[in-house]
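As structure tokens, the structure follows; a few thoughts come after it.
The values are calculated or read from the model by the stated rules, or taken from the named source; none is laboratory data. What you see is a predicted model, and the numbers here were worked out from it, not measured in a lab. We place every Cβ from the backbone using ideal geometry, glycine too, and count neighbours over all the protein chains shown. To get the accessible areas, we keep the full protein, side chains included, count just its heavy atoms, and leave off ligands, DNA and RNA. Shrake-Rupley method; radii C 1.70, N 1.55, O 1.52, S 1.80 Å.
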Amino acid sequence: AVQHNGGNAVCFYTPEMAAAATRRMLLTMHLTHAIERNELRLVYQPIVDKAGQVRSAEALLRWEHHALGPVSPGEFIPVAEESGLIVPITDWVLSTAVAQMAVWEADGVLPDRVFLNISGQQFLRGNLTLRLEELLGEHPSLRSHLGLEITEQAAVRDLKVAVRTLGELADLGIQAAIDDFGSGYSSLSYVQQLPVAKLKIDRAFVIDVPENPKSNALVRAAVGMAHGLGLTTVAEGVETAEQRDFLVSVGCDLMQGYLFGRPMPPEALADMVRSQAAPAIA
Ligand code: C2E
Ligand code: MG
Ligand code: MG
Ligand code: MG
């Protein structure tokens, strides 16, 4: 097979491309059985405020196949989207997270918000609102604790549907966040039209602060713009104290990254919440 890349460049079908296609087929085949075989689980990463207190958490999906070993979501989510398996997988994520939140609530360790990642396809096509209404029907108190992360690309792909869906979710009490802000090509005018509460600044910018003046300017501008629009900012991928100090100095509201905690099992997050909730004794 021959592919034209534009111009005079011609690119042949390489062994690497064949291997990648085989890998995708293999993953699709195994992913089909992942739910019934109990291979999926959710881990939770803390999101902290300027004082380092856990305020929210992000649920991140993990898949471990007995023979393939752990497969990263960066690899299997696109496969799930291509194959349509994202539909049952998202449903599993929603119901698993809501069940977990009910347990945390009963134990008194539920964070203010628990954010779930929703793929663009599910967000734009699925009957997400209906499904969430159904799930939360049994746990009405959890509505004001649920958040959804969607990428700016997904929101911008169909602005009309995005605005409507986000409005419906907001009516339910569910908060929305724009994930990976700055990683796409969307303009700020789009964000301004979206009924979202949070803006998550992509790790690609955070990684370069405070050494790179351009990244500093971008992060500062994103925080300023978000605040101007009444949005809260979350910085992703915070790994160093220098990054944290810079982010605090420009007024970034919340931070997430290995510096504060890696994605962890639900019991570990509960321990973190519990330990900081303990009254300070002088
Ligand atoms: P994301 O939503 O932007 O998630 C943040 C990713 O950054 C996570 O990778 C997390 O482990 C990683 N991360 C957090 N802090 C740090 C840090 O300080 N340094 C570094 N180097 N990385 C950090 P993960 O878990 O591999 O997830 C990758 C992506 O897969 C997510 O990006 C999200 O787009 C997608 N994803 C994960 N879970 C789900 C899910 O349940 N549904 C959907 N649709 N997508 C998911
Ligand atoms: Mg996310
Ligand atoms: Mg993100
Ligand atoms: Mg990201």
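Open to solvent by 10 Å² or more (accessible area, probe 1.4 Å), under 19 Å from the mean Cα position of the chain (by Cα) and over 28 Å from residue 137 (Cβ atoms), is that true of residue 69?
Details: open to solvent by 10 Å² or more (accessible area, probe 1.4 Å): yes; under 19 Å from the mean Cα position of the chain (by Cα): no; over 28 Å from residue 137 (Cβ atoms): yes.
No, not satisfied.
For (1) in contact (Cβ under 8 Å) with a residue 40 or more places away in the chain; (2) open to solvent by 60 Å² or more (accessible area, probe 1.4 Å); (3) within 12 Å of ligand 1 (Cβ to nearest atom), each residue gets a yes or a no:
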{"site": "39", "(1), (2), (3)": "no, no, no"}
{"site": "52", "(1), (2), (3)": "yes, no, no"}
{"site": "78", "(1), (2), (3)": "no, no, yes"}
{"site": "89", "(1), (2), (3)": "yes, no, yes"}
{"site": "106", "(1), (2), (3)": "no, yes, no"}
{"site": "109", "(1), (2), (3)": "yes, no, no"}
{"site": "129", "(1), (2), (3)": "yes, no, no"}
{"site": "133", "(1), (2), (3)": "no, yes, no"}
| Scope the range 261-277; condition open to solvent by 40 Å² or more (accessible area, probe 1.4 Å) and either more than 17 Å from the chain's Cα centre (by Cα) or free of Cβ contacts under 8 Å to residues at least 12 places away in the same chain (or both); matching residues | 267, 271, 272, 274, 275, 276, 277
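Return yes when residue 246 is of a type in the set (A, V, I, L, M, F, W, C), in a loop (DSSP other than H, G, I, E, B) and out of contact with any Ser or Thr (no Cβ under 8 Å at 6 or more places or on another chain) and no when it is not. Before the answer, list the steps.
Details: of a type in the set (A, V, I, L, M, F, W, C): yes; in a loop (DSSP other than H, G, I, E, B): no; out of contact with any Ser or Thr (no Cβ under 8 Å at 6 or more places or on another chain): yes.
Considered against the rule, which asks whether it is of a type in the set (A, V, I, L, M, F, W, C), in a loop (DSSP other than H, G, I, E, B) and out of contact with any Ser or Thr (no Cβ under 8 Å at 6 or more places or on another chain), residue 246 comes out as no.
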